[in-house]
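The values are calculated or read from the model by the stated rules, or taken from the named source; none is laboratory data. If you're wondering where the values come from, they're calculated on a predicted model, not measured in any experiment. Ideal geometry is used to build each Cβ from the backbone, glycine not excepted, and the neighbour counts take in all protein chains shown. Ligands, DNA and RNA are excluded from the accessible area calculation, which covers all protein heavy atoms including side chains. Shrake-Rupley method; radii C 1.70, N 1.55, O 1.52, S 1.80 Å.
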Amino acid sequence: MELKNDLILRAARGESIERYPVWLMRQAGRILPEYRAVRAKLSGFKELVETPQFSAEVTVQPVDLLGVDAAIIFSDILVVPEAMGLEYQMLEAKGPWFEKTIRSEEGLRFAETNFDIEDRLGYVLEAIKLANKELDGRVPLIGFAGAPWTIFCYMVEGHGSKTFSESRKLLYTNPTLAHELLSRITDVTIQYMKAQVKAGAHMLQLFDSWAGILGTEQYAEFGLKYVDKIANALTEVPLTIFSKGAILSIPAIAKLNCATVGLDWNMDSVAIRKEIGDSRTLQGNLDPCALYSSHKEVENLTRKMLDSFTSKRHIVNLGHGVYPDIDPEKVKTFIKTVKNYELHHE
Ligand code: CP3
């Protein structure tokens, strides 16, 4: 299907753009009353994720209601560990919970690789097809997965954590097991993301949400090694690598086979641009909390960020997912400011 707005794809490839594209991580979600209304009719988060018709519906909502330049398929990074054999629950106000965890070779039986993606994750592929039908080419659709290190954290820990110390412990006490599990996650993620592209995803993003809890050397060995494999296997559509918190690894990430590097709000996009040059697109990175300020201030802060860019290779976003209690009107101000901003450099 022909895309009517392919700004984000052109920006990712470093082609000419007439203005910066803009979308928000976690745009399909709790900030929208319309999302909460769909969610309230269902038994819970998982039913929403697993029912293609509903998932497609909330995927399209931010395009209709906020005017973003891309949709992201409504799902979760945790569908991959579940497909591999670790079922998760999403506990109200608590977050993800896995009954079983992997902390020894024994546990590897819950890390299957030999299954058919269509069989266990067909509901995501179906949602992608339905969402594209409803989008009718208005904007591109982004597919995504968690990066192996971040998925590893949930498979080992079994739930969220500030330190993920069980996961980091394993890197010291049983690196062989850690590498085996990371390899398995990598294999499945490659197959899964390829299937997303086949189903209609125009772009892909890898979320490495817990990259920043590792030292730079450990992140190279247990994180980027596997992200590199994924990037090399997925060359059909532009790929964004978002390694939250991994400031010192950004130059290494920019050397991987990706179109776009995601930045969180702690990262200095001007310094990073200087360091990596124009060979990659940068995505981000307004502090999500900036959207708690007044409309005028949201506009000022957004403009200030845009003014700092020295290259047009940018996809505008926040530095992490939008927080659930942000006023959608503030999000609209952010988006409007980006859309009205005139590009002053080639
Ligand atoms: O970006 C989007 O709009 C698409 C949907 C999306 C969700 N999760 C839906 C969701 C995406 C891209 C994710 C990615 C995700 N999931 C990440 C990586 C991005 C990041 O934030 O760093 C992580 C670490 C997860 C795991 C996860 N899912 C956690 C820790 C939680 C609980 C905390 C929370 O935000 O509530 C979730 C739940 C979740 N995933 C919700 C949504 C909309 C909220 C659940 C609800 O509606 O009840």
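Taking all protein chains as shown and a probe of 1.4 angstrom, Phe115 keeps an accessible surface of around 20 Å².
I need the fraction of alpha carbon pairs in the stretch 70-221 separated by more than 21 Å, rounded to a whole percent. Across the stretch 70-221, Cα pairs with separations above 21 Å total 45 percent. For a straight C-alpha distance cut-off of 28 angstrom, the lysines reachable from Lys225 (same-chain residues fewer than eight places away being disregarded) are Lys100, Lys162, Lys169, Lys194, Lys198, Lys244, Lys255, Lys274.
What does the extension gain come out to for Ser165 and Tyr123, with contour length at 0.36 nm per residue minus their alpha carbon separation? Let's see the in-between values first.
Working: separation 42, 0.36 × 42 = 15.12 nm, distance 3.29 nm.
Contour length minus Cα-Cα distance gives 11.8 nm.
Quick check on the chain: what are the equivalent-ellipsoid semi-axes from the Cα gyration tensor, as sqrt(5λ), descending, whole Å?
Working: eigenvalues 182, 112, 73 Å².
Semi-axes (√(5λ), whole Å): 30, 24, 19.
For the stretch 72-188, the per residue solvent-accessible surface stands at 42 Å², with DNA, RNA and ligands left out and a 1.4 Å probe. The convex hull around the C-alpha trace of the stretch 222-293, projected and averaged over every direction, spans 5.3 square nanometres.
Accessible surface for Lys336 stands near 130 Å², nearest 10, in the context of the full protein assembly shown (1.4 Å probe).
Pop out the carbon and sulfur fraction of the accessible area of the stretch 7-340 as a percent, whole number, probe 1.4 Å. The computed percentage sits at 49.
Which loop trypsin sites (Lys or Arg not before Pro) in the stretch 230-308, with loop taken from DSSP, have no more than 15 other Cβ atoms within 10 angstrom of their Cβ? Before the final figure, lay out the partial values.
On the way: sites: Lys244, Lys255, Arg273, Lys274, Arg280, Lys296, Arg303, Lys304; in loops: Lys244, Lys255, Arg280.
Hits after loop and neighbour filter: Lys255.
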